[in-house]
Structures are given as C-alpha cells and as structure tokens.
1. Could you tell me whether region 20-28 includes any residue that is among the hydrophobic types (A, V, I, L, M, F, W, C), touching a Leu at 6+ places or on another chain (Cβ under 7 Å), in contact (Cβ under 8 Å) with a residue 24 or more places away in the chain and not in a loop (DSSP other than H, G, I, E, B)?
2. Select from region 43-80 the residues that are among the basic types (Lys, Arg) and farther than 26 Å from residue 98 by Cα and write down the one among them that is modelled with the lowest pLDDT.
3. Any residue in region 11-19 that is more than 25 Å from residue 112 (Cα to Cα) and not basic (Lys, Arg)?
4. Show the residue pairs meeting these rules: Cβ distance below 9 Å; 6+ apart or different chains; first residue within region 86-112 and at positive phi; second residue surrounded by fewer than 10 Cβ atoms within 10 Å (Cβ to Cβ).
5. Report yes if some residue within region 33-42 is farther than 18 Å from residue 21 by Cβ, among the aliphatic types (A, V, I, L, M) and at pLDDT 95 or above; otherwise report no.
6. Can you name every residue in region 76-112 that is among the small types (Gly, Ala, Ser), surrounded by 10 or more Cβ atoms within 10 Å (Cβ to Cβ) and over 16 Å from the mean Cα position of the chain (by Cα)?
7. What's the total number of residues in region 71-111 that are not hydroxyl-bearing (Ser, Thr, Tyr) and not in a helix (DSSP H, G or I)?
8. Among the residues of region 30-52, are any touching a residue at least 24 places away in the same chain (Cβ under 8 Å), of a type in the set (Val, Ile, Thr) and surrounded by 10 or more Cβ atoms within 10 Å (Cβ to Cβ)?
Amino acid sequence: MKKIEAIIQPHKLDAVKDALKAAGIDGLTIFEVHGYGRQKGHTEVYRGAEYKVDVLPKVKIELVLDDVDLDRVIAVITEAARSGKIGDGKIFVSTIDEVIRIRNGDRGATAL
C-alpha cells in the first residue's frame with residue numbers, strides 16, 4: 001500500500017476531487033496548509049504599503065491506496081492540478097506497512 005500526499009493550489013481542489021472521484025477513489029483527507037517552495041512567496045501592495053508574503057496558501061490531500069492504483073492516481077492528480085505555472089505543487093509517495101479499520105478490525109487492502 002502507498003500513501004500519496006499532494007500539495008496543490010487551492011483553486012485546483014475541486015478539479016482534483018472530481019477527477020479522483022471519476023477515477024473511483026473514494027476516501028481522502030484534505031488540509032489547508034501554508035508554505036513556500038522555490039518561489040519563496042511574493043510581494044503585495046495594500047493601501048499603498050508593500051508587504052512580503054513569504055508563505056502561500058496551499059491545499060494538502062492525503063490518500064492511501066493499493067500499489068496497483070499508484071501510477072493511475074498520480075496521473076489523475078497531476079493532470080487535474082497542473083496549470084503549467086510555478087507553484088502547481090508536489091506529490092509525495094510513501095510506503096504504508098499496515099492499515100486497520102477501527103470499526104471492525106479489517107486489515108490491509110480490505111480496510112481501505
């Protein structure tokens with residue numbers, strides 16, 4: 001099993017959720033996060049004063065899936081989240097050793 005953590009632009013969240021749903025992915029967790037990468041923020045002007053915005057709002061999506069679905073789900077997220085501009089985000093993949101459904105004790109892929 002694999003865990004995907006995708007950091008995306010907030011305005012792409014609905015597109016990514018819809019694409020994952022269309023791909024048959026049922027469960028995911030969404031976080032509102034802030035951070036920066038190579039772009040290191042930007043400068044904004046508010047009431048004539050210049051402000052440095054060094055952390056930007058992003059959305060983090062986490063989901064755990066069976067190994068056989070990994071490449072397909074990465075492609076779905078990438079396609080839905082891509083604008084072609086800097087700051088589109090990143091996808092991180094980790095290995096998950098075990099999943100246990102609390103309600104009935106199911107383990108492994110059946111617990112997903």
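The values are calculated or read from the model by the stated rules, or taken from the named source; none is laboratory data. Source: prediction; values computed, not measured. Because the Cβ atoms are built from the backbone with ideal geometry, glycine has one as well, and the counts that use them run over all protein chains shown.
1. Yes, because at least one residue in region 20-28 is among the hydrophobic types (A, V, I, L, M, F, W, C), touching a Leu at 6+ places or on another chain (Cβ under 7 Å), in contact (Cβ under 8 Å) with a residue 24 or more places away in the chain and not in a loop (DSSP other than H, G, I, E, B).
2. Going through the qualifying residues, I end up with 52.
3. yes
4. 87/38; 108/98
5. Within region 33-42, one or more residues are farther than 18 Å from residue 21 by Cβ, among the aliphatic types (A, V, I, L, M) and at pLDDT 95 or above.
6. Once the filter is applied, which keeps residues that are among the small types (Gly, Ala, Ser), surrounded by 10 or more Cβ atoms within 10 Å (Cβ to Cβ) and over 16 Å from the mean Cα position of the chain (by Cα), region 76-112 yields 108, 109, 111.
7. 23
8. Yes: one or more hits.
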